[in-house]
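The values are calculated or read from the model by the stated rules, or taken from the named source; none is laboratory data. Note that this is a predicted model, so its numbers are computed, not measured. Cβ atoms come from the backbone with ideal geometry, glycine included; neighbour counts cover every protein chain shown. In case anyone asks, the SASA skips ligands and DNA or RNA and just uses the protein heavy atoms, side chains included. Shrake-Rupley method; radii C 1.70, N 1.55, O 1.52, S 1.80 Å.
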Amino acid sequence: MSMFMGSFPGQEVSQEKIDIAEIQFNAMNSTFNNILKTCLEKCISRDGYGEGDLAKGEMCCIDRCVAKIHYSNRVIGGFVQTKGFGPETYLRHYNKFQDTGESQKK
Amino acid sequence: MDALNAKEQQDFQKLVEQKQMKDFMRLYSSLVERCFTDCVNDFTSSKLTNKEQTCILKCSEKFLKHSERVGQRFQEQNAAMSQGLNR
């Protein structure tokens, strides 16, 4: 049926692949939003707003903040991997709901 | 992961567009929240004072510049990482 729809005849759409792309996108997106929020809190002074432009110090702070979050992310990622960080061990409350399928597999 | 084919890419693009819109609205409301919280503290009148208004405008400008700069740096970091140049 999809052969006759849209501008890409003959191409199958795998919802699963799109879902995975979405998850990857979400990961990047939440990282970005988190950086945006964190560096705003850390670098932009809340008292007065005498100037609409970023001050020298604020610019400098933002650049370092973004670089540091990025690097911290990688450091923590590496550390956590050595500890066997994973959903099975650290989000146990999920197991209750997945048990039926899981126990059959094992 | 296998690359998406053209049709899948089109669907994905749509998804990203919706997310962008949603995110943009969220960014906007966080701007309003922050600048209102920081600039408006006097409720003896229902009108914004001149001072409050200037503060809000300056605050918004700063907020936008902050977002812009973080966006730029974030992109640079990502690019550097995917090229393996980063430490």
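A compact table of results
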{"quantity": "Checklist (1) over 15 Å from A:Arg46 (Cα atoms); (2) more than 11 Å from every other protein chain (Cβ to nearest Cβ) applied to B:Phe36, failing item", "calculated": "(1)"}
{"quantity": "Tally of residues being buried (at least 16 other Cβ atoms within 10 Å of the Cβ), free of Cβ contacts under 8 Å to residues at least 24 places away in the same chain and closer than 30 Å to A:Thr31 by Cβ across the range B:46-72", "calculated": "8"}
{"quantity": "Leading residue by the ranking (modelled with the lowest pLDDT) among those in the range A:8-24 that are among the polar types (S, T, N, Q) and under 14 Å from B:Lys7 (Cβ atoms)", "calculated": "A:Gln11"}
{"quantity": "In the range A:25-47, the residues that are outside any helix (DSSP H, G or I) and either at pLDDT 85 or above or open to solvent by less than 50 Å² (accessible area, probe 1.4 Å) (or both)", "calculated": "A:Ile44, A:Ser45, A:Arg46"}
{"quantity": "Members of the range B:39-87 that are more than 11 Å from chain A (Cβ to nearest Cβ), assigned to a helix (DSSP H, G or I) and polar (S, T, N, Q)", "calculated": "B:Asn50, B:Gln53, B:Ser82"}
